[in-house]
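Down below is the structure, laid out as C-alpha cells.
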Amino acid sequence: MTIEDILNDARSVVKKVVPDHVEITQVDFEGPTIVIYTKNMEVFAESNDLVRQIAQQLRRRIVVRPDPSLLASQNEIKKRIGWAPKVVRTPPIPSKTVEEIRQYLRTINDERQVFLKQVGRRLAREVPPGENYVRITALGGFRQVGRSAALLSTRESKVLIDCGVLISEDNGSPYLNAPEVMPLGSIDAVVITHAHLDHSGLVPALYKYGYDGPIYTTPPTRDLMSLLQIDFIKVAMGEARKSPYDSSNIRKAVANTIPLKYGETTDIAPDVRLTFQNAGHILGSAVAHFHIGDGLYNVAMSGDIKFEKTWLFNPAVNKFPRLETLVLESTYGGYHDIQPSRHEAAQQLKEVIRRVLTRGGKVLVPVFAVGRSQEVMLVLEDAMRNRQIPEVPIYLDGMIWEATAIHTAYPEYLNSQLRTQIFQTGENPFLSPMFKRVETSDMRSNICDDVEPCIVLATSGMMSGGPVLEYFKSWADNPLHALLFVGFQSEGSLGRRIQREAREITLTDRGQPLTLPIKLDVETIDGFSGHSDRLQLLNYVGTMEPRPERVIVNHGEEFKCSDLASGLYKKFGLEARAPMNLETIRLK
Ligand SMILES: [Zn+2]
Ligand SMILES: [Zn+2]
C-alpha cells in the first residue's frame with residue numbers, strides 16, 4: 001500500500017465513522033500519528049468513541065485537531081466569554097532546560113511539521129513479501145556497564161536502542177561501525193530508555209555522522225538528556241579533550257525527538273510498534289516494548305530498572321500483552337548483591353546525620369544530579385519536617401537544582417503517593433525553603449568556611465570532579481564532619497579510593513598535586529540505588545506476565561551478567577544468556 005493509499009483509506013474510514021454534518025478539512029501524517037483536522041471539534045469532544053472506532057479500524061494512533069481557521073487566541077476567548085482560561089497546576093521550580101527546549105521547539109515549528117510528515121511517509125512504506133526474521137545485535141553495554149546500545153533488526157527495519165558512552169574510556173563509543181548498523185542513514189528509529197549518559201551520551205553524535213531520523217523517548221528523558229549532554233561536552237572542553245559532538249548536534253536531537261508517554265503505542269517502523277512503560281529508575285526512565293510484525297514477535301528492553309517502590313517512582317512495570325524475549329540489566333545481578341530496603345537505608349541516613357549535626361559538624365553527600373539527589377532530598381525534607389534530624393540549611397550544588405526543577409515540571413511521572421502529596425495537599429517537598437541553591441563560587445567558599453552545621457549535596461557522584469571537591473578539600477582534615485556516600489562508586493574513582501579507608505589522599509588541584517589527610521568520618525549507606533538488586537531482578541522475571549521464553553542479560557560486569565543468567569536458568573528454567581558485544585542473536 002502506498003502512502004496515498006493509506007491516507008485515502010483513512011479518509012474513507014473517517015467519512016464512514018463520523019456523522020455527515022461533521023466537517024473534516026484535512027487528514028495527514030504527523031510522525032507516526034494520523035491527524036484529523038475538523039471544524040466540529042465539539043462532536044469529537046462529546047464522543048470518545050469516534051476516535052476509538054477510527055483508531056481501531058485503521059490500527060494507528062489518531063489525533064483530532066481543530067481546523068487552524070478556528071484557533072482562537074486566549075484574548076479572543078476572553079472577549080467572548082468574559083474571563084481568561086487558566087490552567088491550574090502546582091507552580092513548579094522554573095527550569096531553564098524545559099523553558100529553552102519549549103521555546104526552541106516553538107521557533108522550529110514549521111520545519112518540525114515537514115520532518116514529522118516525512119517520518120510518517122517513511123513509516124507507511126510498502127513492505128515487500130518475503131521470509132520474516134528478528135535479530136538483536138549487541139553493540140555496547142553487554143558484559144559491561146557503559147556505552148549501552150543494541151540494534152533490533154527485522155527483514156524490513158532497523159531500530160537502534162540506546163546510544164551511550166563509557167565515560168571512563170577515551171574511546172567509549174558503542175560499536176556503531178558494525179556492518180549491521182552502517183550506514184547510519186539506514187536506521188529507521190532511535191529509541192532511548194533513559195537520560196543517563198551510559199544510555200544517551202552519544203545520541204547527538206548520530207546526527208553528526210549521517211543519521212537524520214526520529215528519536216523516540218519520554219518527554220522528561222528528552223529534557224534530562226539534553227541537560228546531561230550539554231554538561232558532557234562542557235566537561236570535555238574543560239579538560240581539553242575533544243568532544244564527540246557540539247551543541248548544534250544536541251539541538252538537532254531535540255528537534256527530531258518524538259516524545260511518547262508511558263502506555264502510548266506507536267509505529268516506529270513499517271513492522272515495529274513501540275510502547276514505553278515505567279522503569280522506576282530515574283525520571284522518565286522506560287522499559288521499551290517492541291511488537292514486531294502482525295503478531296510475529298515481542299521483545300522488551302529493560303534499560304535500567306528498579307523493581308521496588310521508591311520515594312520518587314512506582315516500581316518497574318512487568319506486565320505486557322505479549323512477550324517472548326526480555327533483555328535485562330544486571331548491574332546488581334551477582335550472587336552477593338543483596339541490598340537493604342529503602343526504609344532501612346533512610347533510617348541509617350538519619351542516624352548518621354543526627355550524630356554529625358548534633359556534634360556541630362557538617363555532612364557532605366556526593367550525588368549524581370539525576371535520581372539519587374532527589375531521593376535523598378525527599379528523605380531529608382521529611383525527616384526535618386518531622387523533627388527527626390536537627391533543622392539546618394541543605395545546600396544543593398552543581399546541576400542538582402536544575403535536575404530537580406525538571407522533576408517538578410513532570411509530576412505525572414512521580415509515584416502515586418508523591419503525586420497526591422503535590423496535587424491534593426498542595427505540599428511539594430521540592431519547594432521546601434530548607435533547600436538552598438548554591439549559585440556562585442563566593443557562596444560556595446562562604447559555606448566551606450562557615451562554622452554552623454549544614455548538609456551539602458553536591459556533584460559529581462563519584463567525586464571525579466565538580467563542586468563536591470571544593471567542600472571536601474575544606475573539610476577533609478576535620479573529624480567533626482562527615483562524608484556520606486549514597487551511590488555506586490566505580491573501581492578507580494576518587495570516591496572508591498576514599499571509601500577504602502584511605503587515611504590520606506593525593507589529588508590534583510589546579511594542575512598541582514595536593515595531599516590531604518582524611519580525618520572526617522567516611523560513611524557509606526547502601527539501599528539508595530536506582531537499580532534492582534539480585535532478588536528484585538529475579539522477582540521481576542518471576543512475577544512477569546507473560547513470562548518470556550528467553551532472557552538476554554546485559555548492563556553488568558562480566559561475572560554479574562553470567563551470575564544472573566545462570567540464576568534465571570536454574571530458578572525458572574528459561575533460556576538465559578549473556579552475549580558479548582558484537583554478537584547477534586536471531587530471535588525469530
Ligand atoms: Zn541509568
Ligand atoms: Zn545504565
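The values are calculated or read from the model by the stated rules, or taken from the named source; none is laboratory data. Bear in mind the structure is a predicted one, so any value in this text is a computation, not a measurement. A quick note on method: Cβ atoms are made from the backbone with ideal geometry, for glycine too, and the neighbour counts reach across all protein chains shown. The area values use the complete protein model at the heavy-atom level, side chains included, leaving out ligands, DNA and RNA. Shrake-Rupley method; radii C 1.70, N 1.55, O 1.52, S 1.80 Å.
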So for segment 485-574, considering every pair of alpha-carbon atoms, how many percent are separated by more than 20 Å? 55 percent
Return, for the Cα atoms of the chain, the radius of gyration and Dmax in Å, separated by a comma. 25.4, 82
Inter-site label distance for Asn478 and Glu412 at 7 Å from Cα along Cβ, in nm: 4.7 nm
Compute the orientation-averaged projected area for segment 418-549 from the convex hull of its Cα atoms and round it to one decimal in nm². 12.8 nm²
For the cross-link pairs Lys96/Lys261; Lys234/Lys261; Lys473/Lys560, which exceed 32 Å when the distance is taken from alpha carbon to alpha carbon? Lys473/Lys560
Let's test the formula: R0 of 56 Å, r as the Cβ-Cβ distance of Asp49 and Val235. What FRET efficiency results, to the nearest 0.05? 0.60
Counting only protein heavy atoms and using a 1.4 Å probe, what share of the accessible area of the chain belongs to carbon plus sulfur, as a whole percent? 50 percent
Run through every distinct alpha carbon pair of segment 171-287 and return the Kirkwood hydrodynamic radius in angstroms, one decimal place. 14.8 Å
Could you work out how much longer the chain between Arg11 and Val63 gets when fully extended? Use 0.36 nm per residue separation minus the Cα distance between them, nm to one decimal. 17.4 nm
So what are the ³J(HN,Hα) numbers for segment 413-420, from phi and the Karplus equation (6.51, -1.76, 1.60; θ = phi - 60°), rounded to whole Hz, Gly and Pro as x? 8, 8, 6, 4, 5, 5, 4, 4
Tilt of helix 96-107 relative to the longest C-alpha principal axis of the chain, in degrees (0 to 90, nearest 10)? 20 degrees
What are the residues whose amide H is under 5 Å from the amide H of Ala189, where those residues sit 5 or more places off or on another chain and H is modelled from the backbone? Lys158, Leu160
HN-Hα J couplings of segment 442-448 from phi, Karplus 6.51/-1.76/1.60, θ = phi - 60°, integer Hz, Gly and Pro as x? 4, 4, 4, 5, 4, 5, 4
Tell me which residues come under 5 Å, amide H to amide H, from Lys519 once H is placed; ignore anything under 5 positions away on its chain. Asp477, Asn478
What number comes out for accessible area per residue over segment 143-244 if the probe is 1.4 Å? Units Å², please. 35 Å²
For segment 471-579, which GluC sites (Glu not before Pro) are both in a DSSP coil and crowded by at most 12 other Cβ atoms within 10 Å? Glu491, Glu501, Glu549
Accessible area per residue of segment 534-578 at 1.4 Å probe, in Å²? 45 Å²
For a test of the definition: using alpha carbon positions, the gyration tensor, and the 1.5 limit on a/c, classify segment 98-159 as rounded, prolate or oblate. oblate
Any idea what the dipole of the chain comes to, in debye rounded to 20, about its Cα centre with Lys/Arg Cβ at +1 and Asp/Glu Cβ at -1? 600 debye
Placing +1 on each Lys and Arg Cβ and -1 on each Asp and Glu Cβ in the chain, then taking the dipole about the Cα centre, the residue among Gln348, Tyr262, Leu378 whose Cα reaches farthest towards the positive end is Tyr262
Which lysines, if any, have their Cα less than 18 Å from the Cα of Lys350, not counting same-chain residues under 8 positions apart? Lys362
Computed E for Arg135/Arg437 - FRET, C-beta separation, R0 45 angstrom, nearest 0.05: 0.40
Dipole magnitude (debye, nearest 20) for segment 364-495, charges at Cβ of Lys, Arg, Asp, Glu: 260 debye
Can you divide the C-alpha Rg of segment 348-434 by 2.2 N^0.38 Å and report the result to two decimal places? 1.12
